[in-house]
2 protein chains.
Amino acid sequence: MAKRLNKRRSNDPEGIRKRIVDTAFSAFSTRGYGVTSVQDLKTAAGVTGGAFSHHFPTKKELGLAVLHGNVADAVEETWIKPVAEAKTASAGVEAIFARIIRELDQQGFVSGCPLGNMVSELARQDDDMRKAAIAILEKWRKELAQKIRADQRAGHCAPLDAETAANFIIASYWGAMAIAKASQDSSALKDCSQELLRYLELHPGQRPCL
Amino acid sequence: MAKRLNKRRSNDPEGIRKRIVDTAFSAFSTRGYGVTSVQDLKTAAGVTGGAFSHHFPTKKELGLAVLHGNVADAVEETWIKPVAEAKTASAGVEAIFARIIRELDQQGFVSGCPLGNMVSELARQDDDMRKAAIAILEKWRKELAQKIRADQRAGHCAPLDAETAANFIIASYWGAMAIAKASQDSSALKDCSQELLRYLELHPGQRPCL
DNA sequence: ATTCGAACAGGACAATCATCCTGTTTGGAG
DNA sequence: CTCCAAACAGGATGATTGTCCTGTTCGAAT
């Protein structure tokens, strides 16, 4: 059915798969899962329908691949690693916010947190995607809590439950990202960073610092 | 083209319009704007295509009506009024979280914050919807900040910028709702409430309580 | 009683969606 | 070389999508 050999073809399954997944991650993150059609992805990635459905029979499988791959990697790169390498959790949080704010300001627009976006769009729509998302989320929280506990053992005055605090940090980050996305301005992130540091740094527990 | 008068019809433009808008608010909040088709809404609201397109020529106009109406009202009812009527901002926040957690637990599932959901789905997709959303958001923040300032004037020890703190509260609430939606569990909201109160109540400013 | 615009009925419409299908090409195993 | 499964090409398909259109009915004003 294909014409002649007008163009050379080279079988590169991993390369094409990566092109599709990367294109999808970008589109899902900036525009959303639902509004991105597989046609859009085919043309954007430069792959034919045959190649596409060979690697990803359904759109959902592509979504799961993006979650398990690019989204998990993004969380790892922008949060987990910087926190682990920072001196303290609060120093890590401060650096992470500063970097994201800087990137957003020079990018000119705010797309939001990739994981947060996919969660709020798909969590009540597809249970497999929801579970894939919470797996990433739980690792994120676990690593953050671990760092907080390490800080506490190192003598930092922060008598709060590490898991609870990690949840709170991620929540305020997600929400600040959503506000920034709505207002298309990074100032919500600046506010969040400032107040989060205030929350983390001076913490005499329940009684006001004896 | 219509058959005979098999069923009586009563012209009730406001009633039908309200049925459509309320159905749409429920569907947009629990499932999402994109995945909800106008066919779904027609059957769910029990209106014909003619009636629907008479009141809302496009889906977008319906979305804007839902935002300006039901979503704004929901924010008013669940946040602005309770905060205004509470003794202090932190007491109001505590009561609001407690009520939402109670409702979610007995409802059995978490759909997320209606405004937060629509923002993260539509903010980068349609500028009119985005602007409608930030109008609600800004009023929300303004009222919250006003309450915080009133608390400060009343002698409460909270030397923080009211607008910034309001942003932070809304952000952490949105994010906690998103986490709760992902995990289908209200514990993220409990964590957020607890830490938010800690943040609000004991606040000796920059220097650790002289 | 007549009239006229608003309110509504009930489909028709093209466009787009995700998926599937048949056929061709590639590249390694034997 | 031969052979064959995986990798890809290039549409076709049926179901949905949002919107539109023609015709009918209501209700208030005259």
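The range A:74-131: which trypsin sites (Lys or Arg not before Pro) are DSSP loop and have at most 11 other beta-carbon atoms within 10 angstrom?
Passing sites in the range A:74-131 are A:Lys87.
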(request) State, in square angstrom and to the nearest 100, the accessible area buried between chains B and A, both chains counted, probe radius 1.4 Å. (result) 4100 Å²
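Given a 1.4 angstrom probe, what's the average accessible area per residue across the protein assembly as shown, in square angstrom?
Value returned for the protein assembly as shown: 50 Å² of accessible area per residue.
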(message) Apply the Karplus curve 6.51 cos²θ - 1.76 cosθ + 1.60, θ = phi - 60°, to the phi angles in the range A:147-155 and return the couplings in whole Hz, x for Gly and Pro.
(response) 5, 5, 4, 4, 4, 4, 5, 7, x
(request) Report, largest value first, the span of the C-alpha coordinates of the range A:12-57 along each principal axis, in whole Å. (result) 28, 16, 16
(message) How far, in nm to one decimal, is B:Glu103 from itself in the other copies if the label point is set 7 angstrom along Cα toward Cβ? Shortest first, please.
(response) 3.5
(request) May I ask you to evaluate 6.51 cos²θ - 1.76 cosθ + 1.60, the Karplus curve with θ = phi - 60°, for each residue of the range A:116-122 and list the ³J(HN,Hα) values in order in whole Hz, giving x for glycine and proline? (result) x, 4, 5, 4, 6, 8, 10
(request) Under 1.5 on a/c is rounded, so check that first for chain B, then, if it is not, pick prolate when a/b is larger than b/c and oblate when it is not; a ≥ b ≥ c are the square roots of the alpha carbon gyration tensor eigenvalues. (result) prolate
(request) List the distances, in nm to one decimal, from the label point of A:Asp161 to the label points of the same position in every other copy, shortest first, placing each label point 7 Å from Cα along the Cα-to-Cβ direction. (result) 3.2
(request) May I have the count of lysine pairs in chain B with C-alpha atoms under 16 Å apart, counting pairs 8 or more residues apart or located on different chains? (result) 12
(request) Just report the Cα centroid separation between the range A:59-73 and the range A:137-168, whole Å. (result) 28 Å
(message) Suppose a student asked you for the relative contact order of chain B, using Cα pairs under 8 Å spaced at least 6 residues apart; what percent would you report?
(response) 22 percent
(message) Can I get the semi-axes of the range A:144-197's equivalent ellipsoid? Compute them from the C-alpha gyration tensor as square roots of 5 times the eigenvalues, in angstrom, largest first.
(response) 27, 11, 7
(message) Contact order normalised by length for the range B:12-57, with contacts defined as Cα pairs under 8 Å and 6 or more residues apart; what percent is it?
(response) 43 percent
(request) Would you work out if the protein assembly as shown is rounded, prolate or oblate? Take a ≥ b ≥ c from the square roots of the eigenvalues of the alpha-carbon gyration tensor; rounded if a/c is under 1.5, else prolate when a/b is larger than b/c, oblate otherwise. (result) oblate
(message) Apply the Karplus curve 6.51 cos²θ - 1.76 cosθ + 1.60, θ = phi - 60°, to the phi angles in the range B:67-73 and return the couplings in whole Hz, x for Gly and Pro.
(response) 5, 5, x, 4, 5, 4, 5
(request) With a cut-off of 20 Å, note down the residues of the range B:165-184 whose backbone N falls inside the zone around a label point 7 Å from the Cα of B:Arg102 toward its beta carbon. (result) B:177
(message) Can you compute the helix-only [θ] at 222 nm over chain A? Use -39500 (n - 2.57) per DSSP H run of at least 4 residues, normalise by all residues, nearest 500 deg cm²/dmol.
(response) -21500 deg cm²/dmol
(message) How shielded is A:22-33 by partner chains, expressed as the average number of their Cβ atoms within 10 Å of its Cβ atoms?
(response) 1
(request) At 7 Å along the Cα-to-beta-carbon direction for both B:Glu14 and A:Gln39, put a label point, then send me their distance in nm to one decimal. (result) 4.4 nm
(request) Kindly give the distances from A:Lys139 to its copy-mates, label point to label point, with each label point 7 Å from Cα along Cα→Cβ, as nm values to one decimal ordered shortest first. (result) 4.3
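The values are calculated or read from the model by the stated rules, or taken from the named source; none is laboratory data. Nothing here was measured: the structure is a model prediction, and the numbers come from that model. Counting neighbours? That spans all protein chains shown, and the Cβs are built from the backbone with ideal geometry, glycine included. When the accessible area is computed, the model is the full protein with side chains, heavy atoms only, and any ligands, DNA or RNA have been set aside. Shrake-Rupley method; radii C 1.70, N 1.55, O 1.52, S 1.80 Å.
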